[in-house]
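Notes for the one structure printed next.
Each reported figure results from applying straightforward, stated rules to the coordinates on display, with no laboratory input. Please read these numbers as outputs of a predicted model, since none were measured by experiment. Neighbour counts are summed over all protein chains in view; Cβ atoms, including those assigned to glycine, are modelled from backbone coordinates with ideal geometry.
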Amino acid sequence: MTDSGRVRVDGLDTPLTERFCSDMPGFDVSMAAHAEALESGEDYYIDPQTGLLVMSSQYLADRGPCCENYCRHCPFE
């Protein structure tokens, strides 16, 4: 069992591979957009591949424990 309220050491920078990994289409451009959102303090970014709104890992960490909605950048264990 995991602690869904504890942020992983690499949780703000690295998505869980079962949710979003480097062999998925658009990974590099999406991760660049995520990094830009983190740097500028934005809560989300628009995914360049899909056009969908994606919450940043910092927003998810600030919001509270994992919501179990399979968020792309979930920072929790």
Compute the angle between helix 27-40 and the longest alpha-carbon principal axis of the chain, please, reported from 0 to 90 degrees and rounded to the nearest 10.
70
In debye, nearest 20: dipole of the chain around its Cα centre with unit charges on the Cβ of K, R (+) and D, E (-)?
180
Summing +1 per Lys or Arg and -1 per Asp or Glu among the other residues with Cβ less than 9 Å from Tyr59's Cβ gives -2
